[in-house]
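Okay, so here's the structure we're looking at.
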Amino acid sequence: MTVNFNPHIMINIKTLGTNVKKPDEKRNYCIYDENKVNFLVAKAPESLSYIKNYLKTSNDENGILEALYTLDKIADKMNSETKNGAKALDVIYPVLARFNDTNSPEIQVMLSGIYRKILVPDAFGPLCNMLHKQINYPVSKYFDPKEETGGAILEYIRAYGAGYNYNPSKAQNSADLMQTIGLA
């Protein structure tokens, strides 16, 4: 059995979150170590398994945020190379689902952005739950996570419901549409 070990990737994974700066009163976004992220994105085929393993076990919010940010950039790269290329990342959803019930608005925003790109049907319900939490129990002082989560939900509706909007002959009734997008 061959073990693929890349010490450069491992060092970058082990130091995830060390330089993350979270939003504050002067900045409504996080700052990540772009050199580290760009290295991991450039080595995406190799680094994905390391990122996946990191997300399975880590409880460090800053590290999780940087790992999710890296996944988001990998999804962007995959989409730029082929149309809907990020859908291939759907295999990582079971690992990401671990964070679906988080109260961290930063993690919720990162998940929303990733789910918007990979469009895993199972993520639609958790996105709705996140939006419900964000509306009823707001915890973010420096930015509005509802914006990203609502946008992700709209992207799901567009992706899974557009056929009905533009080709009504395919829809027998609105119940079909609701079942397609996971609301029935």
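The values are calculated or read from the model by the stated rules, or taken from the named source; none is laboratory data. This is a predicted model, so every value here is computed, not measured. Virtual Cβ from ideal backbone geometry, glycine too; neighbours counted across all protein chains shown. These area figures cover heavy atoms from the full protein model, side chains too; ligands, DNA and RNA do not enter into them. Shrake-Rupley method; radii C 1.70, N 1.55, O 1.52, S 1.80 Å.
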Using a 1.4 angstrom probe with every protein chain in place, what is the largest-first accessible-area order of Phe143, Phe5, Phe99? Phe5, Phe143, Phe99
Checked the stretch 69-162 with the C-alpha gyration tensor, a ≥ b ≥ c its square-rooted eigenvalues, rounded below a/c of 1.5, otherwise prolate if a/b is larger than b/c and oblate if not; verdict prolate
Compute, for the stretch 1-88, the length of the dipole vector about the Cα centre, with Cβ point charges of +1 (Lys, Arg) and -1 (Asp, Glu) only. Units Debye, rounded to 20. 160
Please list 3J(HN,Hα) in residue order for the stretch 91-108, calculated via the Karplus relation 6.51 cos²θ - 1.76 cosθ + 1.60 where θ = phi - 60°; whole Hz, with x for glycine and proline. 5, 8, 3, x, 6, 5, 4, 4, 9, 4, 9, 5, 9, 6, x, 5, 5, 4
Can you run phi through the Karplus equation (6.51, -1.76, 1.60; θ = phi - 60°) for the stretch 46-58 and list ³J(HN,Hα) in whole Hz, with x for Gly and Pro? 7, 6, 4, 5, 5, 5, 4, 5, 4, 5, 5, 10, 6
Using Cα springs under 10 Å in a Gaussian network model of the chain, which residue among Ala44, Ala123, Ala97 shows the largest mean-square fluctuation? Ala97
Let me know the longest stretch in the chain that avoids all trypsin sites (Lys or Arg not before Pro) found in a DSSP loop with at most 12 other C-beta atoms within 10 Å. 84-140
Accessible area, probe 1.4 Å, largest first, for residues Tyr69, Tyr160: Tyr160, Tyr69
In whole percent, the fraction of accessible protein surface over the chain that belongs to carbon or sulfur atoms, probe radius 1.4 Å, stands at 52
If you stretched the chain out fully between Lys14 and Asn129, how much longer would it get, using 0.36 nm times the residue separation minus the C-alpha to C-alpha distance? 38.3 nm
Tell me whether the chain comes out rounded, prolate or oblate; compute the Cα gyration tensor, take square roots of the eigenvalues as a ≥ b ≥ c, and use a/c under 1.5 as the rounded threshold. oblate
Going down the list Lys14/Lys133; Lys52/Lys117; Lys43/Lys146; Lys87/Lys133; Lys26/Lys56, which pairs span over 29 Å between their C-alpha atoms? Lys14/Lys133; Lys43/Lys146; Lys26/Lys56
Tyr29 long-range amide H proximity, modeled H, under 5 Å: Asp24
Do you know the relative contact order of the chain, to the nearest whole percent, from alpha carbon pairs under 8 angstrom that are 6+ apart? 18
Per the C-alpha gyration tensor (a ≥ b ≥ c, the square roots of its eigenvalues), the stretch 15-86 is rounded if a/c is under 1.5, else prolate if a/b beats b/c, else oblate; here it's oblate
Across Leu154, Leu89, Leu55, the residue with the highest GNM fluctuation in the chain (Cα network, 10 Å cutoff) is Leu154
Please give the per residue accessible area of the chain, computed with a probe of 1.4 Å over protein heavy atoms only, in Å². 56
Just going by the charge dipole of the chain, with Lys and Arg at +1 and Asp and Glu at -1 on Cβ, which of Cys128, Asn62, His8 is farthest out on the positive end? His8
